[in-house]
Amino acid sequence: MFLTIVRTAFAAQRWDVVCRLAVPPCAALVTLAWMVAAARLSGGHWVPTPWDVTGDWTAPHDWPPLATRWALSSVTFVLMMAGTIVSAISVRQAIRRSDLSKRRRLWFAAPSMLLAGSIAVMAIGVLSWGWFVQQYAASDFHVRDGGLFSSTNFASWMASCIVFLAATLMAAKGARSALSLKTE
């Protein structure tokens, strides 16, 4: 479907659609450029990721001070979230501005159902992983050694569960909408 949207946008010279489709890679490049620049400014020994700020371990001596790591990682987190939101909005607008009326229902239903099923399998995997870790390595599950913004591994897992479950619900809703489209 992506190729169809791109092909029809170029054929119809719908540059607004092309620009909207360029937003996700541009957002990723901005975040990556920020991380590379911040890593170079901080000596090149640490990359500002939200999950590698601090923990129950001693940071290497060549890393920047803790306050600097928090600030730089917070900027990375904001860029990631803003990029995700802006990308979702722009792709949705690109789809809405594209003429896909000549496509059969199968073009929408099959990928939507496949996506929903895949995300549901990933959500089950995340939930199962947490259950197994709690059963077999509970002490490691509750330490602060790389969780999002120095949270425990359990808190990071819980945040992942919420994201995957929300994504599953949204994908299922999208698949349901695609299935309810009228055929020509």
>> Could you compute Rg(Cα) / (2.2 N^0.38 Å) for the chain, with N its residue count?
In response: 1.30
> Taking only protein heavy atoms and a 1.4 Å probe, what accessible area per residue, in Å², does the chain have with all protein chains in place?
Replying inline: 65
>> Taking 30 Å as R0, compute the FRET efficiency from the Cβ-Cβ separation of residue 40 and residue 82 and round it to 0.05.
In response: 0.85
> At q = 0.13, 0.20 Å⁻¹, what base-10 log of I(q)/I(0) does the Debye formula yield for region 31-89 when every alpha carbon is treated as an equal point scatterer in vacuo?
Replying inline: -0.34, -0.71
> Where the accessible area of the chain is counted over protein heavy atoms with a 1.4 Å probe, how much of it, in %, is carbon and sulfur?
Replying inline: 70
> Across every pair of different alpha-carbon atoms, what Kirkwood hydrodynamic radius in Å does region 107-184 reach?
Replying inline: 14.0
> Using r as the Cβ-Cβ distance of residue 173 and residue 97, and R0 as 25 Å, what FRET efficiency do you calculate, to the nearest 0.05?
Replying inline: 0.75
> Helices from the chain with mean Kyte-Doolittle at least -0.5 and a Cα length along the axis of 30 Å or more, per DSSP H: which?
Replying inline: 15-41, 66-97, 105-136, 153-179
> Excluding residue 156 itself, what net charge comes from residues whose Cβ is under 13 Å from its Cβ, given Lys and Arg +1 and Asp and Glu -1?
Replying inline: -2
> Counting only residues 5 or more places away or on other chains, whose amide H sits under 5 Å from the amide H of residue 52 once H atoms are built in the peptide plane?
Replying inline: 149
>> Suppose the chain between residue 165 and residue 66 were pulled fully straight at 0.36 nm per residue; how much longer would it get relative to their current alpha carbon spacing?
In response: 32.4 nm
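The values are calculated or read from the model by the stated rules, or taken from the named source; none is laboratory data. Computed from a predicted structure; not experimentally measured. Neighbour counts run over all protein chains shown; Cβ positions are idealised from the backbone, glycine included. Surface areas here come from the heavy atoms of the whole protein model, side chains and all, with no ligands, DNA or RNA. Shrake-Rupley method; radii C 1.70, N 1.55, O 1.52, S 1.80 Å.
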